[in-house]
1. Please go through the stretch 144-164 and pick out each residue that is under 16 Å from Asp19 (Cα atoms) and buried (at least 21 other Cβ atoms within 10 Å of the Cβ).
2. Report yes if Val57 is in a helix (DSSP H, G or I), buried (at least 18 other Cβ atoms within 10 Å of the Cβ) and of a type in the set (A, V, I, L, M), otherwise no.
3. Of the numbered conditions (1) touching a strand residue (DSSP E or B) at 6+ places or on another chain (Cβ under 9 Å); (2) at pLDDT 95 or above; (3) within 19 Å of Glu29 (Cβ to Cβ), Asn127 satisfies every one except a single condition; which is it?
4. Return the only residue of Ser110, Ser135 being modelled with pLDDT under 95 and either in a loop (DSSP other than H, G, I, E, B) or more than 20 Å from the chain's Cα centre (by Cα) (or both).
5. Going by the structure shown, is Gly91 under 18 Å from Ala186 (Cα atoms), within 19 Å of the chain's Cα centre (by Cα) and at pLDDT below 95?
6. Scan the stretch 165-194 residue by residue and report those that are buried (at least 21 other Cβ atoms within 10 Å of the Cβ) and either over 18 Å from Ile94 (Cα atoms) or of a type in the set (Ser, Thr, Tyr) (or both).
7. Output yes when any residue across the stretch 35-44 is closer than 20 Å to Val208 by Cα, polar (S, T, N, Q), touching a residue at least 60 places away in the same chain (Cβ under 8 Å) and part of a helix (DSSP H, G or I), and no when none is.
Amino acid sequence: MTRAWTRATADDSLDGLRDRLAAADCGYEPGDGYEDHCWLLTPLYDETGARHRWHDVLARAGTRLADRPRPFSYLTFEGVEGADALEGVMGGEIDRTTLTALVPHLARHSAAGGATPCGAAQAPVTNSPGVPLGSAPEPAVPLIAWRGPLSDAPAHHDAAPHHCFPATWWAADGSWLVLTNVDLSATEVFGSAALIADLLADPELEAVRAPTLAETFGA
């Protein structure tokens with residue numbers, strides 16, 4: 001039986017990431033330390049529940065993903081007819097479909113499989129219940145973080161309030177890190193070249209190669 005991750009203590013260093021996580025308002029993107037990375041685009045659904053790939057939605061409008069604004073957010077679909085009616089465009093956190101497809105890949109590329117110890121942290125911009133997305137964080141509220149095994153990630157997603165699944169989560173041994181920036185509609189995965197190759201090849205995921213946020217904004 002799986003269960004939600006447990007809250008990390010205030011003195012937990014979060015594998016040396018605590019200060020960087022606390023300073024990353026919308027989620028922490030690592031600058032280095034990983035062989036490769038890719039983006040997982042949040043699935044889009046119409047009113048019937050049918051799933052649509054970003055590439056297909058844009059192709060019907062006569063445009064390509066490569067020609068749209070970056071990073072991947074609602075702005076990618078600005079001016080695309082019918083996109084406003086698709087669920088998933090606004091994003092803000094990893095969706096259940098992507099999460100359940102991603103976890104087995106992470107397990108296969110982790111020494112301890114599904115039992116891999118993980119850390120997770122909510123972005124400070126959403127670390128207080130009732131604070132709208134995009135609002136400034138309350139300075140007196142500490143970073144909220146969790147610990148638990150990889151296999152419990154879906155259970156934690158199910159237990160978390162809407163838009164409260166951790167923006168950043170990672171393997172405690174540093175083998176991979178996942179980021180869903182709270183302003184975006186896609187998830188970055190950092191890890192080994194083999195992990196990223198598997199994600200790019202999975203037909204259940206719409207995984208693409210694209211620059212990191214730091215590369216996009218020249219940070």
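The values are calculated or read from the model by the stated rules, or taken from the named source; none is laboratory data. Nothing here was measured: the structure is a model prediction, and the numbers come from that model. FYI the Cβ positions are ideal-geometry reconstructions off the backbone, even for glycines, and counts take in every protein chain you see. Accessible surface areas use protein heavy atoms only, side chains included; no ligands, DNA or RNA. Shrake-Rupley method; radii C 1.70, N 1.55, O 1.52, S 1.80 Å.
1. Listed by number, the residues that qualify are Ala145, Trp146.
2. Spelling it out, Val57 is indeed in a helix (DSSP H, G or I), buried (at least 18 other Cβ atoms within 10 Å of the Cβ) and of a type in the set (A, V, I, L, M).
3. Tallying (1) touching a strand residue (DSSP E or B) at 6+ places or on another chain (Cβ under 9 Å); (2) at pLDDT 95 or above; (3) within 19 Å of Glu29 (Cβ to Cβ), Asn127 fails exactly one: (2).
4. Matching residue, one of Ser110, Ser135: Ser135.
5. For Gly91, the condition - under 18 Å from Ala186 (Cα atoms), within 19 Å of the chain's Cα centre (by Cα) and at pLDDT below 95 - is met.
6. Passing the criteria: Thr168, Thr180, Ser185, Thr187.
7. Within the stretch 35-44, none of the residues are closer than 20 Å to Val208 by Cα, polar (S, T, N, Q), touching a residue at least 60 places away in the same chain (Cβ under 8 Å) and part of a helix (DSSP H, G or I).
Okay, residues lined up against (1) under 12 Å from the mean Cα position of the chain (by Cα); (2) aliphatic (A, V, I, L, M):
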site	(1), (2)
Gly174	no, no
Val178	yes, yes
Asp183	yes, no
Thr187	yes, no
Leu200	no, yes
Glu206	no, no
Arg209	no, no
